[in-house]
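What follows is calculated from the coordinates using simple rules that are stated; it is not laboratory data. On a predicted model such as this, the values are computed, not experimentally measured, just so you know. Cβ atoms come from the backbone with ideal geometry, glycine included; neighbour counts cover every protein chain shown.
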Amino acid sequence: MTFNGILQIVLLFTALLLLIKPVGIYLYRVYETPSPFPLFNRLEGKLLNWCCFKPVEQNWKAYLKSLLIFNIMGIVILFCLERLQYFLPLNPENFPAVPWALALNTAVSFVTNTNWQAYSGELTMSYFTQMVGLTWQNFVSAGTGMAAFLAFARGLSRHANSSQDILLGNFWVDLLRSVFYVFLPGAFIMALLFISQGVIQNFSPSLEITTLEGGRELISMGPVASQEAIKILGTNGGGFFGASSAHPFENPTPFTNFLQMLSIILIPGALTYTYGKMIQSQKQGWSIFIAMAILSLIGIVAVYYFESQPNPLLHGLGLDQTPGNLEGKEVRFGILGSSLFANLTTDTSCGATNCLFDSFTPLGGLILLLNILIGEIVFGGVGVGLFNMLLFIIISVFMAGLMVGRTPEYLGKKIEGKEVRFAILSIAIYPLIILVGVAISVLSSSALASLHNQGPHGFSEILYAYTSAAHNNGSAFGGLNANTPWYNLSLALVMFIGRFFPIYLGLSIAGLMVNKKIIQPNAGTFPTQGALFIGLLIGVILIVGALTFFPVLAIGPFIEYIDLWQGRSF
């Protein structure tokens, strides 16, 4: 690893550490203060009244019902918008209606915060669809993730002082505050910074230019900065252009590349501090952050190392491979800038890319797969990353209880059979939907016809697609044409289950935990902070999250790696 590489990593995590506390305190004020900004309190109340929402506290069932109704309506509205875009304004290229299977896939994708794109935005979606439909869903899907985390955290942290049931907050209030107090101001600042660096923001039709060779070429225009800002800050990942953050109009300079990486992990990282304040134990919040940071740094170093190695198939051709594997990477970002961005975007549910994941080395691509497979908890998406981490904490505490032979506890509340079963189910659903989808695809001739690569790499492309969809990441190995009826519909189903089934189980756990009595800690209580807990948590994540998929990874990336060094290529 070069000095420049070490410097970039140090600067990134230093900036993150400096921002975690102030952003975490701000988020705590927004969500856990009855009136965080008195000036806007009346406006907040009027908005809720206009929408016929009562700002009363809800139990877990009412909270979940509100969340599901809102998101299902979002799918319906976005689907209709895509199908009618030809008749709507701000369509200078006169794009036709989006085919129904692709429209359904895209609607589910953006509502679930996945932003899986089986199309190129600049060639498919009108400006109106991009701004009113997709960008709006970027805001509210991120807000939904924050709301799910808040309800779960309240279920763990609140406790009864009387016989009256304790509730989990109000979904509509949490969603509104997420959009208006967190994501709108944050995205506005980010958009201005991006525009200052050269990210475009206009409503012009495509420009036709004459190239140096005398040919004609179309340069796509559009309102890019506004969508780019929330796609990064909300860990959405859906790019205005098909090339995503590799496109110079989305990510023009090394500074915007650094800013995007920092923004991807800022809110997920700061939420650990917010959670520490909610449970009145900052040490536990920092312990969770340290576990996330350790796993992230391991992945960063591994990807950077593997991508710095030469391609064995190119030996003997007289090529200078000193820089490493530059195929599919932007020269302006280099190996480190591409590897660091790729690792962080798969650590979270962002899915934005500034390089081509399909061109990574077998083991470099394996790390990206593992980042997603372990549950999108290394930092994870806004809200849902820490939500999933709390599920792993429940399993870790349960395993610690088994080892010492006593009933496990977390935050002074007993972890009993139902909570453990729900936590295990929420993690076990991912292998089910991923592996079933992959199995059907590799046995279907029509599904295999979409592959541009054969052998283990083609298998990895299919595996990555279902992994990305299940964990709501949205990135892809570009060698798979997923814009077919089978992939559009099957991936839409996987995205929907992968998003809402764990939320249902997590809120069920919150409903069970919120009214439990507090047990005072004693000598037998397992501490959920410090080095021992961090080590146990990381071990459980790697064993449960990673080893579950070891056989399927052996069929894909590992075999491809062996073939590569034996001089065989598919």
Scalar couplings 3J(HN,Hα) for segment 314-322 by Karplus 6.51 cos²θ - 1.76 cosθ + 1.60 (θ = phi - 60°), nearest whole Hz, x for Gly and Pro, are 9, 4, x, 9, x, 8, 7, 9, 4
Segments 426-436, 235-245 sorted - mean Cβ within 10 Å per residue, highest first
235-245, 426-436
Expressed in nm to one decimal, what extension gain is obtained for the pair Leu212 and Ser196 from 0.36 nm per residue of sequence separation less their Cα-Cα distance?
3.0 nm
J(HN,Hα) series, segment 438-453, from Karplus relation 6.51 cos²θ - 1.76 cosθ + 1.60, nearest Hz, glycine and proline x
5, 4, 5, 5, 6, 9, 10, 5, 5, 5, 5, 5, 7, 7, 9, 10
Could you name the aspartates and glutamates in cross-link range of Lys413, using Cα to Cα under 17 Å and dropping any fewer than eight places away on the same chain?
Asp165
Whichever aspartates and glutamates have a C-alpha closer than 17 Å to that of Lys418, once near sequence neighbours (fewer than 8 apart) are set aside:
Glu409
The answer for the net charge of residues other than Gly198 whose Cβ lies under 13 angstrom from its Cβ, with Lys and Arg +1 and Asp and Glu -1, is -1
Using the Karplus curve 6.51 cos²θ - 1.76 cosθ + 1.60 with θ = phi - 60°, work out ³J(HN,Hα) for each residue of segment 206-220 in order, rounded to whole Hz, and write x for Gly and Pro.
4, 8, 9, 10, 9, 6, 4, 7, x, x, 10, 9, 9, 10, 5
May I ask you to list the lysines whose Cα is less than 30 Å away from that of Lys46, ignoring any residue fewer than eight positions away on the same chain?
Lys54, Lys61, Lys65, Lys231, Lys277
Length-normalised contact order for the chain - Cα pairs under 8 Å, 6+ apart - percent:
19
Between Gln309 and residues 5 or more places away or on another chain, the pairs with built amide H atoms under 5 Å apart involve Asn325
